[in-house]
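Working notes, structure below.
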Amino acid sequence: MSGTSEATKAANELSDTGRLDVLVAGAGYVGLASAVALKHARPGLRVAVVDAAPADVWRKDSRASAIAAAASRMLEQLDIWRRVEPHAQAITEMIITDSRTGDPVRPVFLTFDGEIAPGEPFAHMIANRDLNRALRDRAAELGVDIIQGVGVQGFDTDGGGVTVQLADGASLRARLLVAADGVRSKLRDMAGIKTVRWDYGQSGIVCTVAHERPHNGRAVEHFFPAGPFAILPLKGNRSSLVWAERTEEAERLINGDEMIFEAELERRFGLELGEIRVEDKPRAWPLGLTLSRSFVAARVALAGDAAHGIHPIAGQGLNLGLKDVAALAEVIVEADRLGQDIGALDVLERYQQWRRFDTVQMGVTTDILTRLFSNDAAPVRAARDFGLGLVERLPRLKNFFIRQAAGLAGPTPRLLKGEPL
């Protein structure tokens, strides 16, 4: 039996059992975490996830992600963190430099200690496939149905719920549809939600490297004229790279000779960790800013990249999405306990009010940082280096930025504080 026919059978069986409470479109981290958070807090809710990607595509994801302390607290509360912690690498230190690739010395302008509290790092690095596996295992334990290989073809809303048509012809009925289908969200377009977006003319090159010497949990972000180059520690003598480069140059490097790529990589990586070796085929994604003008519509809530796509310069993309999960779950669970309609627009507006300002603020911040640091003009470099040095010399200001990076600044949903819903 093919993967598609299996998905069709699963969708039909689910449809036959009656109406769902929540249908999540998208089986990435945000979609799976949304389903787990809701089912964990309210076992009586009927929650399912549908995703257009083939069943095992997540196993082929060689990338890694930074998980902020607040997100770790949420994952611990949802009984997921114990499953990923053995594979996670704590970031014990973060250093920032500002230089050109040809500079013989890269002076350190800013250093962050890696803890927000004794024994609690402000972030961990975790392989994407390990996090996805843990989320899927927990979803299965809670009884969340995951239908893989069939996407959403369309949906119709009415006063009682939303009817979702799947690409294989099956249909599902739910009180709420959560769109977690990525930055190019089809569901967002179907809901008639407009976006503000622009392209930075950069692409993010991602790969994993092995190196001769241990990193000791240190993360490094070099600001080069073409964009930031981040070295993020993984378990063992390995690191994940996020390398922002001008799009035409990124395409040349990705599609060209491997020796040229490795030579350009070594120029940026430096010699501190000894010889390096690329472990997987480098891949590149266009970088831009996408902000949805609304996070909700009738019976629909956007979450994660479907609501906002930002530059990786601050490493907050995934953590913004998990903050959406925590806020949306808290709003829905409270509404359900009060006997309210969890898909009603006035309920969803509470979620939007909670998350939209914070997201726009982060989008604007990363946009300013991207334009400020992807710039080699001497006056601009002098101004930004002065600013980095000022933060380095002011402990209170540095602590503020550490808490921002840890996801603990501003109004924080209960899950991100490690509290149950």
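Brief remarks follow.
- Given (1) over 30 Å from residue 300 (Cα atoms); (2) among the acidic types (Asp, Glu); (3) surrounded by 19 or more Cβ atoms within 10 Å (Cβ to Cβ); (4) at pLDDT 95 or above, index of the condition residue 181 fails: (1)
- Whether a residue is farther than 30 Å from residue 358 by Cβ, touching a residue at least 60 places away in the same chain (Cβ under 8 Å) and surrounded by 13 or more Cβ atoms within 10 Å (Cβ to Cβ) was assessed, and residue 283 does not pass this test.
- Among residues that are of a type in the set (Gly, Ala, Ser), farther than 20 Å from residue 316 by Cβ, free of Cβ contacts under 8 Å to residues at least 24 places away in the same chain and surrounded by fewer than 23 Cβ atoms within 10 Å (Cβ to Cβ), residue 160 is included.
- Matching residues in region 171-202 - criterion: being out of contact with any helix residue (DSSP H, G or I) (no Cβ under 8 Å at 6 or more places or on another chain), part of a strand (DSSP E or B) and either among the aromatic types (Phe, Trp, Tyr) or closer than 21 Å to residue 47 by Cα (or both): 174, 175, 198
- Of all the residues in region 68-90, those that are under 21 Å from residue 317 (Cα atoms), modelled with pLDDT of 95 or more and not in a helix (DSSP H, G or I) number 5.
- Filter result (under 20 Å from residue 342 (Cβ atoms) and at pLDDT 95 or above) within region 158-170: 161, 162, 163, 164
- Screening residue 209 on (1) surrounded by 20 or more Cβ atoms within 10 Å (Cβ to Cβ); (2) aliphatic (A, V, I, L, M); (3) under 30 Å from residue 151 (Cβ atoms) shows it passes everything except condition (3).
- The residues of region 223-244 include none that are over 15 Å from residue 208 (Cα atoms) and at pLDDT 95 or above.
- Residue within region 143-153 that is closer than 22 Å to residue 240 by Cα and either assigned to a strand (DSSP E or B) or not small (Gly, Ala, Ser) (or both) present: no
- Candidates 329, 405 - the one that is outside the structural domain of residue 28 (by TED's automatic domain parsing) and in contact (Cβ under 8 Å) with a residue 12 or more places away in the chain: 405
- At least 2 residues being closer than 30 Å to residue 380 by Cβ and not acidic (Asp, Glu) is the threshold, and among the strands (runs of 3 or more DSSP E) wholly inside region 212-289 those reaching it are 218-224, 227-234, 238-246.
- Just one of (1) modelled with pLDDT under 95; (2) buried (at least 17 other Cβ atoms within 10 Å of the Cβ); (3) in contact with a helix residue (DSSP H, G or I) (Cβ under 9 Å, 6 or more places away or on another chain) fails for residue 292. It is (1).
- Set side by side, the residues 149, 143 differ, and just one is assigned by TED's automatic domain parsing to the domain that holds residue 28, buried (at least 22 other Cβ atoms within 10 Å of the Cβ) and touching a Pro at 6+ places or on another chain (Cβ under 9 Å), which is 149.
The values are calculated or read from the model by the stated rules, or taken from the named source; none is laboratory data. What you see is a predicted model; the values in this text were computed from it and never measured. Quick reminder, even Gly has a Cβ in these numbers, built from the backbone with ideal geometry, and neighbours come from all protein chains shown.
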